[in-house]
1. What are the residues whose amide H is under 5 Å from the amide H of Gly72, where those residues sit 5 or more places off or on another chain and H is modelled from the backbone?
2. Assigning unit charges at the beta carbon (Lys, Arg +1; Asp, Glu -1) and nothing else, what dipole magnitude in debye, to the nearest 20, does the stretch 5-121 show about its Cα centre?
3. Applying 1/(1 + (r/R0)^6) with R0 = 35 Å to the Cβ-Cβ distance of Thr94 and Leu122, what FRET efficiency is obtained, to the nearest 0.05?
4. If Thr106, Thr10, Thr19 are ordered by their accessible area, calculated over protein heavy atoms with a 1.4 Å probe, which sequence runs from highest to lowest?
5. Based on the Cα coordinates of the stretch 37-109, what is the per residue volume of their convex hull in Å³?
6. With every protein chain left in place, what is the accessible area of Arg96 in Å² (1.4 Å probe, nearest 10)?
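The values are calculated or read from the model by the stated rules, or taken from the named source; none is laboratory data. Fair warning: this is a prediction, and the values are worked out from it, not measured in the lab. Every residue, glycine among them, receives a Cβ derived from its backbone with ideal geometry; neighbour counts consider all protein chains shown. Accessible surface is based on the protein model in full, side chains and every heavy atom, while ligands, DNA and RNA are left aside. Shrake-Rupley method; radii C 1.70, N 1.55, O 1.52, S 1.80 Å.
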Amino acid sequence: MMFSPIKKMTLTAMITAITTLTSSFLFIPVGFVKAFPIQHLANILTAVLLGPAYAVTQAFLVSLIRNISGTGSIFAFPGSMFGALLAAFLYRRTQRLTFACIGEVTGTGILGSLACYPIAALLLGEKATLFGMLPAFLLSSFSGAIFAFILLKILLKNDYMKGFFHEKSTNHRRL
């Protein structure tokens with residue numbers, strides 16, 4: 001059984017709400033900025049369970065809400081978007097959590113930080129960007145990927161649970 005789009009949007013909203021609330025309190029100081037591993041856990045969770053469109057929607061909503069509340073950063077969405085997309089793409093291609101986590105770390109930690117680097121250097125200064133933002137992107141995505149891997153292993157361990165998110169194989173062995 002697959003989730004309907006309405007159920008997927010409801011689950012996306014729930015992950016967004018939990019991420020928004022918890023990431024404001026659970027952070028790791030890194031250089032001039034803070035790392036938020038919960039956001040990256042949510043990126044992978046949404047990418048694996050619901051797919052790329054919902055993962056990007058979740059990353060955008062969390063970024064928007066946190067920016068409106070004054071606890072976010074203008075770099076949150078562009079950085080997270082790469083990670084969410086790459087995590088979803090690699091998971092869809094391989095069906096392996098390891099690759100979803102690698103996608104998040106590569107997408108956010110490397111591609112996202114490189115994409116945000118020029119504007120961050122302009123706004124924050126070269127030193128703040130190099131010793132603050134870049135390590136934060138890497139540390140956030142790496143620690144979030146570890147949390148996500150453990151959580152998803154527990155969630156998807158049960159075949160019944162797996163059936164809610166993925167189409168069950170219809171290939172039967174010929175007699």
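1. Asn67
2. Numbers: 7 positive and 1 negative charges, 52 e Å.
Roughly 260 debye for the stretch 5-121.
3. Details: r = 37 Å, r/R0 = 1.07.
That pair, Thr94 with Leu122, gives E of 0.40.
4. Numbers: Thr106 50, Thr10 75, Thr19 5 Å².
Ranked from most to least accessible, the order is Thr10, Thr106, Thr19.
5. Working: hull volume 4.7 nm³, N = 73.
About 65 Å³ per residue, rounded to a whole number.
6. Surface open to solvent at Arg96 totals about 130 Å².
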